[in-house]
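Have a look at the structure below, then the notes.
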Amino acid sequence: MFRSHTCGEIRLAQAGTQVTLAGWVQSIRKFGSITFVDLRDRYGITQLYFNEELNPQLEADPLGREYVLQATGTVTERTNKNPNLPTGDIELTIASFLILNRSAVPPFTIQDDTDGGDELRMKYRYLDLRRNAVKKNIELRYAVNRATRDYLHGHGFMDIETPFLIKSTPEGARDFVVPSRMNPGQFYALPQSPQTFKQLLMVSGYDRYYQIVKCFRDEDLRADRQPEFTQIDCEMAFVEQEDILNMFEGLVKYIFKEVKGIDYSEAVERTTWEEAMWTYGNDKPDIRFGMKLANLKSAFRRNGVLEATGELVNGADFKVFDEAETVLAIAVPGAAEFTRKQTDELTEWVKRPQIGMKGLVFIKCNADGSYKSSVDKFYSEDRLKAIAHAAGAQPGDLVLILAGAEERTRKAISDLRMELGERLGLRRKDEFKLLWVLDFPLFEYAEEEDPASGGSGRWVARHHPFTAPKPDQIQTMIDNNPAIDNPEKYLEHPYSGIKANAYDMVLNGNEIGGGSIRIFQRQLQEKMFAALGMSEEEARHKFGFLLGAFEYGAPPHGGIAFGFDRLCALLGGSESIRDFIAFPKNNSGRDVMLDAPSEIDEKQFRELQIKLDPTA
Ligand code: ASP
């Protein structure tokens, strides 16, 4: 028997008993002839008390940090109790001990506030994982995993594995590919998600499926993305959107309860994509705080039509507003007292390349009812008052206004809103607010990346090509030819107004899940592929199996997938998913511990019949 107890469980009530512990040496404090050692395992820390008389070998063979120790001793009440430790009332007076293994001096200190930099911690991730702060995250991840399985199992879902070596059908992101030795010149792809498999399982009659599954996307890694990540992937047959929303809002609430002890009893708020864009400039708004956008003059494409609102800022002698496609404002509560330095700093903030605006206009709505602005030269106080009113400002608020090209300005004001939410402490880590965003556009029109290819643009699926249109718009899709004669006028094409039967779940301004009701009729699926510019042959080549399956009694179905890593990070109060993955990749997609990716042997190339062409 290596141990009778763990390092986290002994209490004063056990005083006088003999116990054996095993663990790692966290710290050593030597005072003359006596030595205190903190022994750590997964469950906690217990103080060991050594003295030279009882443990003479300590002198000859001293302990070091991270040594693995087995120690037997008597539970003794401590004179100097540590109220911060659950075991802080006791220590073990060591009668005998054994060094089970020695340790080199670790490259960083293994404690909550480590001195190790990011890269070093990742290189020695197995040591980093010993730290309490990381362990807590891994434990939380497992708690989310368990709660998910409990809930889904309780609702009749079956976990069914789907293959990792599949066919490459690049659509959204780039595929990771794996060469096949047995089929020279041919490649598997790693799944970007089990999407088509879970739909096939519905055709096969497994009407409630789930999997907590790895997905692989070869994307340029923006901050906090991983090339392999985990999804809670789910699919249901014989359902409508409402069934899915209820089932999975139930899942997230169950996770909140189990993992955080939070009773999220109110119904999850819902908004349409259009409303979200209109109100927050963003399709994953943080609704923990207001600061909704006011469109002082907007060219937002609503229902496919350019909509211009308000002459409020037109006609004035301020060219910037007159010429801008869009003018958007937010009222920042209680910020009229911002100093010159603060407003200057905000102006610099919006001018940074990531935000990309030319400037920032502000109106201070002073508590005494007067107005002061950065455009006093151009606007009378009455006019300022009217603008502030339109922005929904109260006395004491600061109105911030951005003007420019529609898309960029909308994104910028949304970023500015989030930044001020952060600065004013309105994005509280312990507050969780869910939101369903519904009715996304089915298609987006994408400019051709490579105009040399002849085309000027094409429809792309906003979610993925298996997403069904709203039931009342199916006919519009079937009846119309997707071709666009004049790309300038794509907004007038019947396809641009088609809404998808798709939904995203948003938590505190982060998309945590998304899914859709699927197409289950062959004809409509073929129409969809055609709209995305696939020839019949290409569609058959890539998705023949699915089109075939739709001929054999495919039931109506739909599903959703949650970003498991992100969900864990948000529940753990962190923005970084890496902290919640045992062995993550760095921002360049490298595993610095394994030093992967790496070159392979000549022999492996030969077996695969692959030659590298460095000049390509
Ligand atoms: N497979 C989709 C995704 O990964 C989710 C879904 O539609 O269920 O985004």
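Using the count of nearby Cβ atoms within 10 Å as a rough guide to exposure, how do Lys611, Lys198, Lys284 rank from fewest to most?
Working: Lys611 7, Lys198 24, Lys284 19.
Lowest to highest Cβ neighbour count: Lys611, Lys284, Lys198.
Round to a whole angstrom and tell me the spacing of the C-alpha centers of segment 78-93 and segment 168-242.
Segment 78-93 and segment 168-242 have Cα centres separated by 51 Å.
List residues of segment 97-135, by number, whose backbone nitrogen lies under 17 Å from a label position 7 Å along Cα→C-beta of Asp61.
97-104
Could you compute the FRET efficiency for Lys358 and Glu381, with r as their C-beta to C-beta distance and R0 at 35 Å, rounded to 0.05?
0.90
What is the gain in length, in nm to one decimal, between Asn132 and Asn486 on full extension, counting 0.36 nm per residue of separation less the C-alpha to C-alpha distance? Please report the intermediate quantities before stating the final value.
Working: separation 354, 0.36 × 354 = 127.44 nm, distance 6.01 nm.
Stretched out fully, the Asn132 to Asn486 stretch lengthens by 121.4 nm.
With each label point set 7 Å from Cα along the Cα-Cβ vector, what nm distance links Asp150 and Leu120?
My value for the distance between the label points is 4.0 nm.
Going by C-beta contacts inside 10 Å, put Val105, Val320, Val134 in order with the fewest on the left.
Values: Val105 7, Val320 16, Val134 20.
Final ranking by Cβ density, sparse to dense: Val105, Val320, Val134.
7 Å from Cα along Cα→Cβ at both Thr272 and Leu608: what's the point-to-point distance in nm?
According to this spin-label approximation, the distance is 4.9 nm.
I need the calculated FRET efficiency for the pair Ile99 and Ser374, taking r as the beta carbon distance and R₀ as 56 Å, to the nearest 0.05.
Details: r = 70 Å, r/R0 = 1.25.
Calculated value: 0.20.
Give me the extension gain from Lys319 to Arg423: residue separation times 0.36 nm, minus the current Cα-Cα distance, reported in nm with one decimal. Write out the running numbers ahead of the final one.
Details: separation 104, 0.36 × 104 = 37.44 nm, distance 3.11 nm.
Contour length minus Cα-Cα distance gives 34.3 nm.
Give a quick list of chymotrypsin sites (Phe, Trp or Tyr not before Pro) in segment 180-209 that DSSP marks as loop, anything other than H, G, I, E or B, with at most 16 other Cβ atoms within 10 Å. Numbers along the way, then the final one.
Working: sites: Phe187, Tyr188, Phe197, Tyr206, Tyr209; in loops: Tyr206.
Loop-located and lightly packed - Tyr206.
Give, as ranges by residue number, the residues of segment 27-57 whose backbone N falls under 12 Å from the point 7 Å along Cα→Cβ of Leu85.
Counting only backbone N, you get 27-29, 36-41, 44-50.
Could you tell me how many degrees, from 0 to 90 and to the nearest 10, lie between the Cα long axis of helix 340-351 and the main elongation axis, the longest principal axis, of the Cα atoms of the chain?
Tilt relative to the chain: about 80 degrees.
Quick one: of Lys198/Lys527; Lys411/Lys499; Lys214/Lys433; Lys429/Lys499; Lys351/Lys411; Lys284/Lys364, which pairs are farther than 24 Å apart, Cα to Cα?
Too far apart for the 24 Å limit: Lys214/Lys433; Lys429/Lys499; Lys284/Lys364.
Starting from the 7 Å offset along Cα-to-Cβ, what nm value, one decimal, do you get for the label separation of Ile160 and Arg42?
3.2 nm
Fully extended, how many nm does the chain gain between Glu348 and Asn587 (0.36 nm per residue separation, minus their Cα-Cα distance)? Don't skip to the answer; put the middle values down first.
Numbers: separation 239, 0.36 × 239 = 86.04 nm, distance 2.72 nm.
Extra length from Glu348 to Asn587 when fully extended: 83.3 nm.
So for each of 556-569, 235-248 I average, over its residues, the number of other beta carbons within 10 Å; can you give me the resulting order with the highest mean first? Walk me through the intermediate numbers first.
Working: 556-569: 23.7, 235-248: 18.6.
Highest-to-lowest ranking by the protection proxy: 556-569, 235-248.
Readers should treat all values here as calculations from the given coordinates under stated rules, not as data from a laboratory. Keep in mind that this is a model prediction, so the values were computed, not measured. Neighbour counts run over all protein chains shown; Cβ positions are idealised from the backbone, glycine included.
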